[in-house]
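Take a look at the structure below.
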Amino acid sequence: LNSKEFVPVPTTIKIDTTVERPYGIGGMRMCFEVEEVAADGSTTVMLAKVFKKDTPDVVKKDYFNEAMAQCMCEEFAVNYNATPQTPKKVKFIVCHVVEVDMINLPPIVIARNGLLTYKTQDTREVVFVMEPLVRGAFTKYNSNFGEVYDNSMDRNATESVNARHVGMVPTAEAFSHFTLQESGGGMLVCDLQGVNEVFTDPQIHTEMGRGLGMGNMGADGISKWVVKHRCNEICKSIGLLPLIPDSELLRQAQPHMQQNRYQSLRDQMKESVKRLVPQLNFKAFAPAPAQPAVQPPELAAPASPLFQRYNESKDDYRKRCASMNDDERLELAILQSKISEELHKKYNNIMVYDAHGRPLS
């Protein structure tokens with residue numbers, strides 16, 4: 001997946017501060033209709049999404065995690081669409097995080113439950129995720145834990161809307177399955193919903209259960225989804241392996257094959273990390289003894305306050321490594337291996353050293 005970073009840019013947004021009733025309400029968030037104003041005065045209708053007021057411990061970072069998850073899902077979508085035999089392409093709406101400068105606002109009337117009353121609990125700022133409003137019949141295809149919705153669940157939906165929904169369900173299920181296999185069992189994109197093939201508000205479960213949205217239920221969420229998933233023709237046509245063998249195959253399989261495919265993917269990921277980062281002891285997780293960093297002469301450190309702080313940070317890094325649990329060490333190893341691979345691709349002749357002065361690549 002390509003890396004993403006947030007870039008601050010000024011923008012102008014038109015908000016009706018007297019509106020209390022939201023445009024829509026979900027399980028954890030609600031949305032209000034706003035307009036983004038371009039330099040030429042033209043406007044684009046957008047949705048501002050905020051966490052409900054009864055959601056505990058909402059901090060500013062939560063909004064950035066939600067937006068990052070949606071950006072990451074679009075990266076998965078690009079890879080999925082490039083897969084041969086994919087019958088329908090999918091995409092995710094591009095979203096932004098908006099911070100409202102409340103200090104410099106002119107005197108205005110704010111409705112009791114309007115958009116500007118939703119503030120983060122750590123900074124007490126008005127922050128929300130904003131994305132273009134997509135017109136059409138909004139439907140949900142699957143849930144966080146593997147439920148599949150075979151109809152649009154809208155009593156007023158027309159036959160054509162229900163038909164399009166039914167036609168999109170296999171694609172949504174295959175896409176979720178694809179993300180799990182593409183990530184080596186480490187991530188699952190689910191809770192897919194939107195207008196036809198344009199998705200929004202997805203959820204990513206990660207093996208570690210950290211970041212990428214409040215609904216990240218970790219390995220437990222992935223396992224529950226896997227148990228309920230049934231591969232369809234799209235899964236088969238794009239070469240996805242069954243996550244759980246069907247009962248007939250399971251009876252005929254050898255004992256070592258009678259296992260959850262997701263567990264197999266996780267095991268493969270851990271084995272690959274062991275090969276990529278052999279200096280980490282995955283059995284005992286005992287920290288390597290601290291040694292003076294060995295550096296090539298051309299990288300010798302000048303005597304400066306900046307490099308002194310760098311050496312102090314390395315000491316702090318060693319202490320943190322010593323206190324890590326198994327999952328944290330695995331997460332660190334995966335991150336180190338990815339960084340090492342990317343640096344090696346870009347700079348073939350540069351050696352990458354770990355905190356103990358040993359080469360990583």
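The values are calculated or read from the model by the stated rules, or taken from the named source; none is laboratory data. Owing to the predicted nature of the structure, the values given are computational and were not obtained by experimental measurement. Every residue, glycine among them, receives a Cβ derived from its backbone with ideal geometry; neighbour counts consider all protein chains shown. For the accessible areas, the whole protein counts, side chains as well, though only heavy atoms, and no ligand, DNA or RNA atoms are used. Shrake-Rupley method; radii C 1.70, N 1.55, O 1.52, S 1.80 Å.
A few points about this structure:
- Spin-label zone in segment 109-136 - amide nitrogen under 13 Å from a point set 7 Å from the Cα of GLU33 along the C-beta vector: 133-136
- Formal net charge of residues neighbouring THR18 (Cβ-Cβ distance under 14 Å; K, R +1; D, E -1): 0
- Accessible area (Å², per residue) of segment 1-119, counting only protein heavy atoms and a probe of 1.4 Å: 61 Å²
- Computed magnitude of the charge dipole of segment 65-192 (debye, nearest 20; Cβ of K, R +1, Cβ of D, E -1): 360 debye
- Inverting the pair-averaged 1/r between distinct Cα atoms of segment 102-191 gives 16.9 Å as its Kirkwood hydrodynamic radius.
- Trypsin sites (Lys or Arg not before Pro) lying in DSSP loop within segment 194-232, provided at most 15 other Cβ fall within 10 Å: ARG210, ARG230
- Equivalent ellipsoid semi-axes, segment 61-100, via Cα gyration tensor eigenvalues times 5, rooted, Å: 27, 9, 5
- ³J(HN,Hα) computed for each position of segment 221-231 - Karplus, 6.51 cos²θ - 1.76 cosθ + 1.60, integer Hz, glycine/proline x: x, 5, 4, 5, 5, 4, 4, 8, 6, 10, 4
- On the beta carbon distance between LYS14 and MET214, with R0 = 25 Å, the FRET formula returns roughly 0.30.
- Charge dipole of segment 148-193 (Cα centre as origin; +1 on each Lys and Arg Cβ, -1 on each Asp and Glu Cβ, all else neutral): 60 debye, rounded to the nearest 20.
- Pairs from the list LYS61/LYS228; LYS60/LYS140; LYS140/LYS228 with a Cα-Cα gap above 22 Å: LYS61/LYS228; LYS60/LYS140.
- For segment 1-134, the Cα gyration tensor yields ellipsoid semi-axes of 29, 17, 15 Å (square root of five times each eigenvalue, largest first, whole Å).
- Across every pair of non-identical alpha carbons in segment 107-151, the mean reciprocal distance, once inverted, gives a Kirkwood radius of 14.5 Å.
- Trypsin sites (Lys or Arg not before Pro) within segment 1-44, DSSP loop, no more than 16 other Cβ atoms inside 10 Å: LYS4
- Taking a sphere under 12 Å around the Cβ of ASN216 and counting the other residues whose Cβ falls inside, with K and R at +1 and D and E at -1, yields a net charge of -4.
- Rh by Kirkwood over Cα pairs, then Stokes-Einstein D for segment 191-240 at 0.692 mPa s and 37 °C, µm²/s: 263 µm²/s
- For segment 60-145, the pair-distance distribution built from all alpha carbon pairs, in bins 10 Å wide starting at 0, is 13, 32, 31, 15, 7, 1 percent.
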